[in-house]
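Values in this text are rule-based calculations from the coordinates and carry no lab data. Bear in mind that the values here come from a model prediction, so they are computed numbers and not experimental data. Cβ sites come from the backbone with ideal geometry, for glycine too, and all protein chains shown count toward neighbours.
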């Protein structure tokens, strides 16, 4: 190959000029001074007890105080009480409206909206989606989830847009908000549940607020991004005409950012939906609760019956908002159509009402639970163990646990605590700046201080194992998809479904297949993270400069050489982003894996929620936050900071 | 600048508006999904284990078909359920295994929850080994001999030690302390949910493998996988007071019902039915078995039981 | 450069003498503590590279002075990075100048408060941008009416006025399209119409045609010439294209590294470059298209009161060559019936070859 020009042998000063080598040397120097000191004082493999702070007492007291004062203290009566009240009233109002419209009315209105903003095909899809929800016997839970979603999405959008406006207009706000929003984006949904439960108790208000906290950041980030990314010359032109700041904002900056605003809304909806399902753990009700109940009885069929409406809702909402974004700027159709269509929808709703058919007719239901369960029974009976040659899934899980998970966990826990910090620092610094390295090390140290060093390393070992599997599978699939259009087309709907499926739904089939323990948690995490990794890999490979590829081809490179020497190196940034996303997504599910025997931090959070032992739960939640922060920083290439899309 | 002041003023006045119109006690706010469309709604807490689902299924069936209520069920874990019950987000818990702290707080001090009487079923938690294994090794049923069998109870999850399988994190358990205090060579492995635990037990039973598990009765699984209890040091009143130092067996607990105080007073026929609801261990197991093993929906299972036990439930309606 | 400014009084009698813009000692320095650079004579004298290493500052505009007269087309021309775009933005304080004075009709721009400045931008100076700066979510008509909307005009009135201007720039029938549905040239017509709609005293152009295809660019240049002829509006025109500058400019300020190296009529720039940089710059210019007969003529008598085949002094040399070649003899140069001198083969060839002696007859 022509590119293989000989590089001159590096001399030592030459090597020193490499920033990576310099960073490592500096780090080694710091370590050489600090490690003997630390080792002499606190010689132990695990985090030294002397350096931990026991928070369980004060946290338990706080939690007791809140429960005792929730009905009497002014803070609750005059502040949280009103918030909670507002949430309950608005969810109830939306729910009553949905019920009053009846199933026919809701379907008709949803299809109408989809038709107007996104076209006939999506309208038909929307109608089919809603009817399927009814057919599966999930009409009422679907409406409950929808009511909760409407309120949560509106609140998230308003809060997010206001924050984004502040960050978009003021540099100081931007500097203050951006790291917070970036961090919130990488945290597992589970970590948000406990604080809201602490204040609001189990129930819909807590669920809605957790959803808002989880779903508002993308709106805020994209609003700020849109406001900041507006064409400078347009703004200058607007200013040159003598506009006031307010006129600039209203007539130029906000309209110019409308694509980002809609994208933000889209992401907020998707995140709200996934959170609305997870929030069933704290009493959100609706579809998520059905999935959660099914999880409790390993009833895959019932879980699927509730999971399908969630996926349908997600796909419909995603497509409609995305289509609305694409249609921006094209000609508007006349409002007369709206009027006719609205009249038709109202007529259908009224007809449904008059016919007394508000509730979904019970006769029209399709029981998919039984056949699915039979299939799963068959699967577990035949695949679980004793399959000739390859062994059963249970054996795989066992081997994976013994040969991968255990050594990794034991290895991590065997490492002296300071060496873990050093490794974290080295990785984060090599891939980022000293800033990211410091954040990562502090996050890791905070885990030790919180006194959950061992369980966190356990969780970390699961994350590492799952990420390794995800990357191997994801890169392989991604490369295959990048090389074959047909394969990519076939893959796309599968990825769509997997990406919108709530994390809970994965847990049930994996328990049936892999039994109980860490292996199913890892398996669920792999399934959840895989679509994003495949997608980013494929995109990255496909976006490689065609000129570079062409020149390689003109030099007679084989397709393997093209891949190895041109595509992969040029797609490096995308691959790093894929690793980062993979890590973040895997962490989210490994935590939820606490529900299927994953143990460690996830179990602590579930335990905290289940036993009302908020001290345990909050400490574990904080550790998850730190772990997420550390993992993100360690895998975050510096470029991501400058070029951040969505 | 002006924009900032306007927003500040707006936020301030919004806050004033919120706080100005008086107190809002969120502990008195019901679920937004309750009583929709004028239907009388009862919200029942549904716990994750099947026995509790059986109670709820039968109560729900009767409330809907005999009394014309609409019933919402919410899955809440045991302890948070007390909080939810106190706030009125749930109207009744039909099976409680004993939470003295919570009872003191809500029934004794706050008086937001009232007792609903016995469920009629007595619960007991213990450690169990499969009967087929106990027959081969009769001495395994004595806790002192458990270490002898630790090797045979090993799994990938428990590593070098024997596996003691626990269920959902929401269950009452002293197992970690017990293992420590009784000096047992076992590792507690949490299955994360009862269903996961049952799945695992049945897989073990299919292959006739030995195992040691946390389990409880009444439970329908005994019909499918016969299990024998391992004798732990006898339970004495107060021996489980300090959760760190527990070294004795679990007690026998008469299972209790609890109702939200407002609901108990104003709940009319529904409250009366739930107060009167009382059946036997056999009744509960019959329904549980239909749900868990025959994979009937809870509603179908409840209907079958109701159809064949008219005399029992007629008494609750009066 | 001062030597050339004095000699630029020749350019046409239609242009008045009150300066619209009067710029004096203008500086714009980017970087930390930018104020100290113009204030300190030592720093002010530094070369750009040295200034950057010494202070970390970049002087985009260095001590620039000029007047823009009423009704003229004043071109600022320079290569990219010469500071011309910064300069034009300083005029309405889209970029805040670091030092110096700017006056519009004698009023100090730098002393204006926000209301006054907004007034200036709304009514007195409107700008046309390189990449058009149109609002993508508005129709052509609403884009053109935008400036009027900012001023608070009612919808019907501003639309009516916008429609007139849209017609003036030749976009009839496209009022309801969006910018994304227009070609580059059409978009710039919208940008031009938007600036015209507010009826400003001065039009500022920031490289308006450099993003356009050559043919479209020529059309647009013709359009600007036509507008200027019809309305006589004062224009400040920024360009990096020398031929555009020569074609449009009544006077040209040539910038390099933030400073004006020469200011004069096209003829002065081409005919008597101030330094080697300018000379190199104008080397390939077809001189016969720029230089006028006034430069080429020599003193001489027309020989009698009748002036058959006489040339005006403003005519370019190319035209004179045609006349002289046809008649085969020297032609006389006449202004207001008065004989100024004659041009012959020799003088005209000298101009084309660039070897003519420096202007003697003025």
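One table, with the values for the structure above:
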| quantity | calculated |
| --- | --- |
| Degrees between helix B:298-308 axis and first principal axis of chain B (Cα, 0 to 90, nearest 10) | 80 |
| Sites residue C:181 and residue A:339 - FRET efficiency at Förster radius 30 Å, r taken between beta-carbons, to 0.05 | 0.65 |
| Rounded to 5, the percent of DSSP beta bridges in chain B classed as antiparallel | 55 |
| Two-site label geometry, residue A:37 and residue A:374: point separation in nm, points 7 Å out along Cα→Cβ | 7.1 |
| Helix-only [θ]222 nm of chain B, DSSP H runs n ≥ 4, -39500 (n - 2.57) each, per residue, nearest 500 | -11000 deg cm²/dmol |
| For the stretch C:83-220, the spread of Cα positions along each principal axis, largest first, Å | 45, 38, 23 |
| Rg(Cα)/(2.2 N^0.38 Å) for the stretch B:125-251, N = residue count | 0.98 |
| Dimensionless Rg/Rh of the stretch B:181-248 - Kirkwood Rh, Rg from C-alpha atoms | 1.00 |
| Largest-first ellipsoid semi-axes for the stretch B:69-110, taking √(5λ) over the Cα gyration tensor eigenvalues, angstrom | 19, 11, 8 |
| Per residue, the convex hull volume that the Cα atoms of the stretch A:511-621 enclose (Å³) | 107 |
| Ranking of C:243, B:86, A:484 by count of other Cβ atoms within 10 Å, fewest first | A:484, C:243, B:86 |
| For chain A, alpha-carbon Rg and Dmax in angstrom | 26.6, 88 |
| Size of chain B as Cα extents on the principal axes (Å, biggest first) | 77, 62, 37 |
| Relative contact order (percent, whole number), chain A, Cα cutoff 8 Å, 6+ residue spacing | 19 |
| Whole-Å semi-axes of the ellipsoid equivalent to the stretch C:287-353 (Cα gyration tensor, √5λ, descending) | 18, 12, 10 |
| Spin-label model distance (nm) - residue A:175 vs residue B:269, 7 Å beyond Cα toward Cβ | 7.0 |
| Average Cα contact separation per residue, the stretch B:87-211, under 8 Å, 6 or more apart, as relative contact order % | 20 |
| Average other protein chain Cβ within 10 Å of Cβ, residues A:228-240 | 6 |
| Length-normalised contact order of the stretch C:287-353 in % [C-alpha pairs under 8 Å, at least 6 apart] | 41 |
| Cα pair distances of the stretch A:377-495 binned at 10 Å [whole percent] | 11, 25, 28, 23, 12, 0 |
| Cβ-derived FRET efficiency at R0 56 Å, residue B:231 paired with residue A:245, nearest 0.05 | 0.10 |
| Degrees separating the helix B:194-206 axis from the principal Cα axis of chain B, which is the longest one | 20 |
| Whole-Å distance, taken between Cα centres, linking the stretch C:76-145 and the stretch A:416-446 | 50 |
| Fewest-first sequence of A:472, A:88 by Cβ atoms within 10 Å of each Cβ | A:472, A:88 |
| 222 nm mean residue ellipticity, helices alone, for chain A (DSSP H n ≥ 4; -39,500 (n - 2.57); rounded to 500) | -25000 deg cm²/dmol |
| Fully extended contour minus Cα-Cα distance, from residue A:117 to residue A:73, at 0.36 nm per residue | 11.1 nm |
| Base-10 log of normalised Debye intensity for the stretch C:18-104 (one unit scatterer per alpha-carbon) at q = 0.12, 0.19, 0.23, 0.26 Å⁻¹ | -0.36, -0.84, -1.14, -1.35 |
| Cα gyration tensor category, rounded, prolate or oblate, for the stretch A:61-173 with a/c compared to 1.5 | oblate |
| Structure-based [θ]222 nm, chain C - -39500 (n - 2.57) summed over DSSP H runs of at least 4, per residue, nearest 500 | -9500 deg cm²/dmol |
| Which of A:461, A:419 has the fewest Cβ neighbours within 10 Å, and the rest in rising order | A:419, A:461 |
| DSSP bridge pairs, the stretch C:19-282: antiparallel proportion in percent, nearest 5 | 50 |
| Efficiency of FRET between residue B:299 and residue A:55 - r from beta-carbon atoms, R0 56 angstrom, step 0.05 | 0.80 |
| Overall form of the stretch C:137-295 per C-alpha gyration tensor (a/c, 1.5; a/b vs b/c) | prolate |
| Acute angle (nearest 10 degrees) that the helix B:281-292 long axis makes with the longest principal axis of chain B, alpha-carbon atoms | 80 |
| Evaluated over the stretch A:139-267, the Cα radius of gyration and Dmax, each in Å | 17.1, 56 |
| More than 47 Å apart - percent of Cα-Cα pairs taken over the protein assembly as shown | 50 |
| Computed over chain C, Cα set: Rg, Dmax in Å | 22.6, 69 |
| Label-point gap, in nm, between residue A:235 and residue C:215 - each point 7 angstrom along Cα→Cβ | 3.8 |
| Overall Cα dimensions of the stretch A:119-212, principal axis frame, Å, largest first | 51, 39, 20 |
